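A short write-up of the structure that comes next.
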Amino acid sequence: VTSSLTMNNTTMEYILETCLEKPKNLIGLRLGNYSRVTKSELVDEYIEMEPGGHLRPQNCTPGQTMAILIPYRNRSSHLHILLHNLIPFLTRQNVDVTFFVIEQAGNSTFNRGALFNVGFLEAEKFQRFDCYILHDVDMIPINDHNLYRCSENPRHFAVAINKHNYKLHYESYFGGVVGLLREQYLQINGHSNLYIGWGTEDDDLLIRVKNKNLTMVRYNPSTARYDMIQHDRDVGNAENPMRLTLRKSAARRQHVEGLNTVTKYYQVLDMKLETLYTWITVSLDNSG
Ligand code: UDH
C-alpha cells in the first residue's frame with residue numbers, strides 16, 4: 001500500500017499518495033460482461049459506491065476528479081450493463097468518478113447535445129470536476145489500457161467499435177465516448193442545443209474543438225476498443241433532417257448557442273442521489 005501514516009495527539013490520519021497514472025493491475029483486452037443484471041444486484045455487488053454514484057480508490061488519491069455524463073431515456077438494461085462493466089474497469093484504473101444519468105423526460109424528440117450541457121451545469125452544482133467524460137449508454141470499453149483521463153487535448157475514446165469492425169467509423173468521428181477537461185468544455189461552449197433527433201451533434205462538437213485551436217487526440221485502436229450493445233433506433237430519436245444544414249453554421253454558432261444558452265431550454269423535474277449514480281430528470285423544450 002502506497003500510503004504513509006501521520007499521527008498527531010488525538011487523531012490518526014492517512015495521507016494517501018497520488019495514484020499512478022498507469023496502474024500496475026490493468027489486464028488489457030477482455031470480453032465485456034453482457035449478462036442481464038438488475039439495479040439491486042449492482043447495488044449489492046458494488047458496496048464501495050458512495051451516495052450519488054461516487055467511486056474512488058482506497059489506497060491513493062487520483063490526480064483528477066471525474067464526472068461521467070450519460071444521456072439517457074428508456075435504456076435501463078443498457079445502463080445496468082454499462083455500470084457492470086465500467087465500475088470494475090474504472091476501479092482498476094484508479095479513477096475518482098461520479099456517474100450522472102441525465103434523463104430526458106416525456107416524449108419530446110431526444111436531444112443528446114443539450115443533455116450533455118445540462119449534465120455539465122448540474123454536475124457543477126455539486127463540484128467543479130476536473131474532467132468530464134461524455135458517455136453513450138451502450139458503449140462498453142473492453143480494454144482497460146484505454147485510460148479514462150482528461151489531458152491538454154480533448155480525447156475521442158470510442159475509436160474502434162465492433163459495429164464498424166473495430167475500425168474508426170470515419171476520420172472526423174467524435175462520437176460515442178469523449179473526454180474534455182472542464183476548462184475545455186467551457187472554452188468550446190459545450191455542445192450545440194439545436195440538434196433535435198439523431199445525428200451530427202458529435203461532428204458539430206469537433207468543429208467547436210478545432211475552431212478553438214484544440215487538437216482532438218486518440219489512443220491506438222487496439223486500446224480504444226468498444227463493443228456497442230446492439231439495439232434498434234429508439235422511438236423519439238428519428239434522424240434529424242436539419243443536421244447537415246446545421247453543421248454548415250457550426251463555427252458561426254459556437255458562441256451564440258451552447259452551454260451558455262441551454263438554461264432557457266430545460267427544467268429539472270427530479271434529482272436523486274442514488275447508490276450507483278446521480279439521476280437527473282429534465283424536461284427539454286426543443287423550441288427554446
Ligand atoms: N439515447 C437514449 N435513449 C434514446 C435515444 C438515445 O438513452 O431514446 C442515448 C444513449 O446514451 C445512446 C445515445 O443517446 O447511447 C446515442 O443514441 P443512439 O445509441 O441511438 O445512437 P447510435 O448512433 O445508434 O449509437 C443509432 C441507431 C442505429 C440503429 C441501427 C439499427 N440497425
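The values are calculated or read from the model by the stated rules, or taken from the named source; none is laboratory data. In this text, all values refer to a predicted model and were calculated from it rather than measured experimentally. Methodologically, a virtual Cβ is constructed for each residue, glycine included, from the backbone with ideal geometry; neighbour enumeration extends over all protein chains shown. We work out accessible area using only protein heavy atoms, side chains counted, and drop any ligands, DNA or RNA first. Shrake-Rupley method; radii C 1.70, N 1.55, O 1.52, S 1.80 Å.
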Test set (1) within 29 Å of HIS145 (Cβ to Cβ); (2) open to solvent by less than 80 Å² (accessible area, probe 1.4 Å); (3) more than 16 Å from the ligand (Cβ to nearest atom) - LEU259 fails condition number:
(1)
When the residues of segment 40-85 are filtered to those that are open to solvent by 30 Å² or more (accessible area, probe 1.4 Å) and within 16 Å of the ligand (Cβ to nearest atom), which remaining residue is nearest to ALA105 (Cα to Cα)?
ARG73
When segment 204-234 is checked residue by residue, the ones that are under 21 Å from LEU82 (Cα atoms) and within 14 Å of the ligand (Cβ to nearest atom) are TYR226, ASP227, MET228, ILE229, GLN230, HIS231, ASP232, ARG233, ASP234
Tally time: how many residues in segment 137-168 are in contact with a helix residue (DSSP H, G or I) (Cβ under 8 Å, 6 or more places away or on another chain), within 16 Å of the ligand (Cβ to nearest atom) and not in a strand (DSSP E or B)?
2
Looking at LEU244 and the list (1) more than 23 Å from TYR72 (Cβ to Cβ); (2) away from the ligand (no atom under 16 Å from the Cβ), which single condition is not satisfied?
(2)
Mind listing whichever residues of segment 219-237 are modelled with pLDDT of 95 or more, open to solvent by 60 Å² or more (accessible area, probe 1.4 Å) and touching a strand residue (DSSP E or B) at 6+ places or on another chain (Cβ under 8 Å)?
PRO221, SER222
Kindly indicate the residue of segment 215-273 that is of a type in the set (S, T, N, Q) and assigned to a helix (DSSP H, G or I) and also nearest to TYR195 (Cα to Cα) among those meeting that condition.
THR245
Could you list, in sequence order, all residues of segment 179-202 that are over 11 Å from GLY113 (Cβ atoms) and part of a helix (DSSP H, G or I)?
ARG182, GLU183, GLN184, TYR185, LEU186, GLN187
Criterion violated by THR200 - all others in (1) of a type in the set (Val, Ile, Thr); (2) open to solvent by less than 10 Å² (accessible area, probe 1.4 Å); (3) within 15 Å of the ligand (Cβ to nearest atom) satisfied
(2)
Could you please tell me which pairs satisfy a Cβ distance under 8 Å, a separation of 6+ or placement on different chains, a first residue in segment 211-230 that is among the β-branched types (Val, Ile, Thr), and a second residue that is open to solvent by 60 Å² or more (accessible area, probe 1.4 Å)?
THR223/HIS145; ILE229/TYR34
Scanning segment 120-173 residue by residue, those touching a residue at least 60 places away in the same chain (Cβ under 8 Å), small (Gly, Ala, Ser) and surrounded by fewer than 16 Cβ atoms within 10 Å (Cβ to Cβ) turn out to be SER151
Which one of these does ARG243 not meet: (1) in contact with a Ser or Thr (Cβ under 6 Å, 6 or more places away or on another chain); (2) surrounded by fewer than 16 Cβ atoms within 10 Å (Cβ to Cβ)?
(2)
Looking at segment 33-82 only, could you name the residues that are on the phi > 0 side of the Ramachandran plot and out of contact with any Ser or Thr (no Cβ under 8 Å at 6 or more places or on another chain)?
ASN74
